[in-house]
Amino acid sequence: MSKKKAVCKVAFVGSECYPFVKTGGLGDVMYALPRALIREGCSVRVILPLYRCIPEKFRNMMKYIGSFMMDLTMEGRTFYVGIMEAEMDGVTYDFIDNREFFDWGNPYTGLWEDIPKYCYFSKAALAVLNYLKWYPDVIHCHDWQAALVPLYLRTKFWNCPLKDSKSMLTIHNLRFQGICSIPHLKYWSGLPDGLFDYPVFKQNEEEANMFKAGLAYADAITTVSATYAKEIQTPEFGEHLDAHLRYHAVRMRGIVNGIDTDLWDSSKDKLLAAPYDAGNVLERKWDNKQALREQLGLNREGEDGGKIVLGLVSRLTDQKGLDLVDAIFPKIMDGRTQVVVLGTGDPRYENAFRYYEDKYKGDVCAYISYNEALAHRIYAGADAFLVPSLFEPCGLTQLIAMRYGTVPIVRETGGLKDTVLPYDPETNEGNGFTFDRYSPDLLLEAVEKAKELFFGDRQRWDAMVRRNMEKDVSWEQSAKQYLDFYLELKK
Ligand code: ADP
């Protein structure tokens, strides 16, 4: 870490972080935002669980720093806390080692086991900072898995130097809240009975909610886009916490995610058949499209234009609007279209896409798996990219798609609304095709409009491709907004 005094010391606490362990956008943010903050002069430590599923090559980078015993649960049982440390590009990563909690799952198991695991993790994260005598200005916690940090900070750690640190809790996805029976959480968290009331933990007569409590206790709340910040204060998007969020809204801000433009750089991307920039995108994209088709066994065509390729890279869950895609799939397949789907999740969608692959052999590929390299090749090889989400806190795939010169087709919700400007044929401006109401007909209309431009006015389409590649989707502006918020808290 640099010797210059940092403008702000920040500890990140979260359950996943690329490249060690990633299941979705949270992993990307935990990787990219610390790097962007370092460029703004911050000093950043990231605290993570040392899951068994972290690959050996990363474990080999870590060194043992120390260990101690920590009490947890209502009975005050003691548990081992080991600290393994790695440094990468100026960011220090501290992994909490405890095989009892972190030897299972990928990295998540089931809520019943995950509740004790993340009670332990949240408390241990503070204990580790204490042990290291590294007292941050802000402890930046992410999602429900780290939501107990603000509570431990103000209760069990009230009497140590950490008490001067402020806490920030970021909502990456409000759908997952860490809800379980009150006795289960009371037992494992070991937190005082007084907190298990409606304003803090209590969800209903039987259940307690970790995210709800974290939001009540955090000094600041953020979420990952301005639109989502507004949406979650309404019953439609609030996942039963809308009233709670309206109450705490004075401390909440929406700051849109970016992407790491070094990691997502089509001109240096070694995974691509033909790396490219905005200058040579048109020829090179064609090469990537052909390579993608070849890899996936899709029909390849001559050099004369041909079919549009629609890409979709996603967790296959209801959130992602896949029932809309399912409903219109036969209508999309009009003889001039190919579709590539990469994802895993709900068997209902996995099976639907497998069925279409079989039905439209050679024009549809359903790659039911998690595959980072293929994701890169789809962003580069597809012409357009589908993100028709039911709700989308921010969404990263549309940002990556734009960065790679691929035109997004998105629903106007959450961060999708904030980052994709609808194409306007009058002014020839915009980044993609959008629709508002959650309806298959409107998605189909947006896809049709995209095809109309792709097949009907390639010059304008190509101009949009170049415009998207030059759009600022980096973390820089958002990292500055986080830093401003940290400095306000520090005062
Ligand atoms: P969410 O966090 O809701 O899953 P985001 O759009 O915020 O959605 O982030 C998704 C991230 O996960 C992106 O980096 C995307 O490329 C990646 N991703 C999703 N599914 C897969 C998959 N099957 N294989 C590889 N990468 C995937």
Distance between Cα centroids, the range 173-246 to the range 296-342: provide it in whole Å. 38
Over the range 245-309, what is the mean sequence separation of C-alpha contacts under 8 Å (at least six apart), divided by residue count, expressed as relative contact order in percent? 16
Cα gyration tensor shape of the range 407-450, rounded if a/c is under 1.5, else prolate or oblate by comparing a/b with b/c: oblate
Between 0 and 90°, nearest 10: helix 322-332 axis offset from the chain longest Cα axis: 10
On a 0 to 90° scale, report how tilted helix 111-132 is relative to the longest principal axis of the chain, with both axes built from alpha carbons and the result rounded to the nearest 10. 60
Taking loop as defined by DSSP and a crowding limit of 16 other beta carbons within 10 Å, which GluC sites (Glu not before Pro) in the range 123-225 fit? Glu205, Glu206
Shape of the range 88-200, Cα gyration tensor, a/c cut at 1.5: oblate
Sequence of Lys9, Lys268, Lys156 when ordered by accessible area, the most exposed leading, probe 1.4 angstrom: Lys268, Lys156, Lys9
Nearest 10 degrees is fine. How inclined is helix 281-296 to the longest principal axis of the chain, computing both from alpha carbons? 80
Based on the alpha-carbon gyration tensor of the range 4-98, what equivalent-ellipsoid semi-axes (square roots of 5 times the eigenvalues) come out, in whole Å, largest first? 24, 17, 14
Rg [Å, one decimal], Dmax [Å, integer] - the range 252-367, C-alpha atoms: 16.3, 53
Taking a probe of 1.4 Å and leaving out DNA, RNA and ligands, the chain shows per residue an accessible area in Å² of 40
Heavy atoms only, probe 1.4 Å: what % of the accessible area of the chain goes to carbon and sulfur, would you let me know? 50
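The values are calculated or read from the model by the stated rules, or taken from the named source; none is laboratory data. Everything numeric in this text was worked out from a predicted model, so none of it was measured. FYI the Cβ positions are ideal-geometry reconstructions off the backbone, even for glycines, and counts take in every protein chain you see. Calculation scope for accessible area: heavy atoms of the full protein, side chains included, ligands and nucleic acids excluded. Shrake-Rupley method; radii C 1.70, N 1.55, O 1.52, S 1.80 Å.
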